[in-house]
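What follows is a short report on a single structure.
Values in this text are rule-based calculations from the coordinates and carry no lab data. Since this is a predicted model, take the numbers as computed values, not measurements. Here the Cβ is made from the backbone with ideal geometry for all residues, glycine too, and neighbour counts use every protein chain on show.
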Amino acid sequence: MSDTAAPLGLVAALKRELRDLLAAMPDARLRTIGGREFWHGTLEGHEVVAVQSRVGKVAAAATTAALISHYRVGAVVLTGIAGGLAPGVAVGDVVVSAELLQHDLDGSPFFPRWEVPLTGVSRFPADAVLAERAAAAARAALADPLALFGEALVQEFSLHAPTVHTGLIVSGDRFVRTREDRDTLCAALPDALAVEMEGAAVAQVCHEWGLPFVAIRAISDRADEAAHGDFSRFLSAVCAHYGAAVVRRLLAEMPRTLRAPA
Ligand code: ADE
């Protein structure tokens with residue numbers, strides 16, 4: 001690690017997931033690199049580079065590599081939404097990553113199922129300190145759902161008492177939208193809390209660069225037959241509030257001591 005202070009990288013797959021965060025960075029400079037728009041500005045007193053990765057593991061990995069090599073960020077936070085897998089993970093809850101795994105990766109018989117070939121790693125650990133800070137920020141941000149979302153959204157999405165979970169997030173290049181598909185995933189990976197399409201790819205790139213990483217996901221659906229409609233409603237009505245409230249709280253309470261990658 002060098003001694004130069006470094007910005008924080010903020011990644012989301014969809015523009016909607018970043019909307020309220022970008023609104024809070026009105027002076028950010030916009031630059032397009034590799035087909036991605038990077039906003040370089042200040043948020044809660046931190047130098048931040050925010051970028052929309054687009055959807056899926058390849059898009060997320062390519063974006064993260066560009067973010068790290070062009071902006072020399074000192075840590076990466078992924079924000080957005082996910083499908084709930086474990087029984088207690090409900091729409092409106094937040095899942096913070098402790099570990100991330102690519103559920104659709106299988107190089108067997110040459111490598112164990114889920115292991116990223118030639119790395120020896122199946123589960124990429126999130127940074128423990130960042131994860132703890134992110135969970136604390138999420139709990140604080142969600143302490144008063146009525147103030148955060150307003151009465152109408154609390155009623156519509158049953159956001160009366162969202163829970164914050166920390167654990168395994170699994171990622172793959174498909175939207176999980178049947179109970180059968182979800183149950184198969186849960187049977188194979190019983191400790192998986194949530195499923196999405198980018199986190200483990202961002203985690204892998206950060207791991208390879210030796211950078212702290214955490215994913216913070218609001219649960220938009222239960223990865224079942226209702227997932228398509230639930231996802232769309234949550235995306236358009238609620239998710240930007242989560243990203244802004246939780247990430248801003250995390251930054252507000254984080255020391256400004258990030259170091260650029262070596
Ligand atoms: N992101 C949000 N919901 C999802 C789901 N059901 N499957 C994959 N990614 C998701």
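Would you please give the FRET efficiency between residue 163 and residue 16, computed as 1/(1 + (r/R0)^6) with r the Cβ-Cβ distance and R0 = 30 Å, to the nearest 0.05? Spell out each step's value before the answer.
Working: r = 23 Å, r/R0 = 0.77.
Result of the calculation: an efficiency of 0.80.
What FRET efficiency comes out for residue 90 versus residue 262 if R0 is 41 angstrom and r is the Cβ-Cβ distance? Round to the nearest 0.05.
So, using R0 = 41 Å, E works out to roughly 0.50.
With label points built 7 Å along Cα→Cβ from the Cα atoms of residue 5 and residue 110, find their separation and express it in nm.
So the two model labels end up 4.6 nm from each other.
Could you pull out every residue, at least 5 positions away or on a different chain, whose amide H is within less than 5 Å of the one on residue 80? Hs are placed 1.01 Å off N in the peptide plane, and Pro or chain starts have none.
216, 218
Using a Gaussian network model on the chain with a 10 Å cutoff between Cα atoms, which of 94, 247, 214 fluctuates the most?
With Cα springs under 10 Å in the chain, the top fluctuation among 94, 247, 214 is at 247.
Once the piece of chain linking residue 146 and residue 31 is laid out straight, how much longer is it, given 0.36 nm per residue of separation minus the C-alpha distance between them?
37.7 nm
Given the rule -39500 (n - 2.57) for each run of at least 4 DSSP H residues, summed and divided by the residues of the chain, what is its mean residue ellipticity at 222 nm, to the nearest 500 deg cm²/dmol?
Estimated from H runs of four or more residues: -11000 deg cm²/dmol.
Using the crude model of +1 on Lys and Arg Cβ and -1 on Asp and Glu Cβ, and no other charge, please compute the dipole size for the chain relative to its Cα centre, in debye to 20.
620 debye
Net charge near residue 134: determine it from the other residues with C-beta under 11 Å of the C-beta of residue 134, scoring Lys and Arg +1 and Asp and Glu -1. Don't jump to the answer; show the numbers that get you there.
Numbers: positive: 133, 139, 217, 249; negative: 127, 132, 253.
So the environment of residue 134 carries a net charge of +1.
Pick out, from 146, 157, 250, the residue whose Cα sits farthest towards the positive end of the charge dipole of region 5-255, with +1 on the Cβ of Lys and Arg and -1 on the Cβ of Asp and Glu.
About the Cα centre, the residue reaching furthest to the positive side is 250.
With viscosity set to 1.306 mPa s and temperature to 10 °C, compute the Stokes-Einstein D of region 5-255, Rh being the Kirkwood radius across alpha carbon pairs; µm²/s, no decimals.
In µm²/s, the coefficient rounds to 89.
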